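The structure appears right after this line, and notes come after that.
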Amino acid sequence: MNYGWRILEHQIVFQGYFRIEKYRFEHELYGGGWSRPFDREVFERGSAVAVLPYDPLRDRVVLIEQFRAGAVGARERPWLKEIVAGIIEPGEAEDSVARRECREEAACELQDLQYICRYFVSPGGSTEQCTIFYGRIDSEGIGGVHGLEEEQEDIRVEVVDYEQAMQWLDDGTVDSAVGIIALQWLRLNRDRLRAEAGV
């Protein structure tokens, strides 16, 4: 069943590196009738693409580590182990973002790209959606520190074997949603990916 909803008011309340918009909504209720008008602030961040670079021949995963402002209040050391990711620029295709970000953040080229999923990051207060891909790579020679200086990026790239990546997933070392989703997908699909690669 389709339920109705309306935007009664809308305004931009902050515009900086990101944008915050304020809405007044009302919507139909499951039990009939309409809700009272209510206000919500929404964080407008733009949508993102993330890539899990994996070498099925060597059974190695590429992970990155970088400083994250959002983790400052939650942990003593606000550097997170993550997968490659970046914001989609206007008019940019998702696969182009995936390839660009792998070059910029991890200095690796993708041999193949497979769609994993698309999800809302935090729909209670943000418009952001993230599309995750698996990127097949040759992990030989990958590592070091990368990123764009003009974007204040200082990204450490690690190539770890599959078992180490799974240990970090299980013990909470990887604790951002996109990394957790991607590594759980790899756990479910690893045998297939290695078979496709001829292992």
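Looking at the structure I just gave you, is residue 161 touching a strand residue (DSSP E or B) at 6+ places or on another chain (Cβ under 8 Å) and loosely packed, with under 15 Cβ neighbours inside 10 Å? Break it down stepwise before answering.
Working: touching a strand residue (DSSP E or B) at 6+ places or on another chain (Cβ under 8 Å): yes; loosely packed, with under 15 Cβ neighbours inside 10 Å: yes.
Yes.
At least 3 residues that are under 15 Å from the mean Cα position of the chain (by Cα) in each: list the strands (runs of 3 or more DSSP E) lying fully within the range 89-199 that qualify.
Because the criterion is at least 3 residues that are under 15 Å from the mean Cα position of the chain (by Cα), the strands (runs of 3 or more DSSP E) in the range 89-199 that meet it are 112-120, 129-136.
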Scan (1) surrounded by 13 or more Cβ atoms within 10 Å (Cβ to Cβ); (2) over 21 Å from residue 45 (Cβ atoms); (3) touching a helix residue (DSSP H, G or I) at 6+ places or on another chain (Cβ under 9 Å); (4) not small (Gly, Ala, Ser) for the single condition residue 104 breaks and write down its number.
(2)
In the range 15-73, which residue that is under 29 Å from residue 139 (Cα atoms) and of a type in the set (Val, Ile, Thr) is nearest to the chain's Cα centre (by Cα)?
49
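Based on this model, can you work out whether residue 68 counts as farther than 25 Å from residue 196 by Cα and in the same structural domain as residue 132 (by TED's automatic domain parsing)?
Numbers: farther than 25 Å from residue 196 by Cα: yes; in the same structural domain as residue 132 (by TED's automatic domain parsing): yes.
Against the criterion (farther than 25 Å from residue 196 by Cα and in the same structural domain as residue 132 (by TED's automatic domain parsing)), residue 68 qualifies.
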For the range 67-101, how many residues are under 14 Å from residue 133 (Cβ atoms) and in contact with a helix residue (DSSP H, G or I) (Cβ under 7 Å, 6 or more places away or on another chain)?
5
Answer with yes or no whether residue 179 is touching a helix residue (DSSP H, G or I) at 6+ places or on another chain (Cβ under 9 Å) and closer than 15 Å to residue 117 by Cβ.
yes
Would you mind finding the one in 46, 31 that is exposed (fewer than 13 other Cβ atoms within 10 Å of the Cβ) and not hydrophobic (A, V, I, L, M, F, W, C)?
31
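Answer yes or no: is there a residue in the range 136-153 that is among the basic types (Lys, Arg) and within 17 Å of residue 58 (Cβ to Cβ).
We begin by selecting, within the range 136-153, every residue among the basic types (Lys, Arg); these are 136.
Now narrow it down to the ones that are within 17 Å of residue 58 (Cβ to Cβ): 136.
Yes, that holds for at least one residue.
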A careful count of residues in the range 109-151 that are touching a residue at least 12 places away in the same chain (Cβ under 8 Å) and among the acidic types (Asp, Glu) gives 5
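The values are calculated or read from the model by the stated rules, or taken from the named source; none is laboratory data. Only a predicted model underlies this, so the values are computations on that prediction, with no experimental measurement involved. Counting neighbours? That spans all protein chains shown, and the Cβs are built from the backbone with ideal geometry, glycine included.
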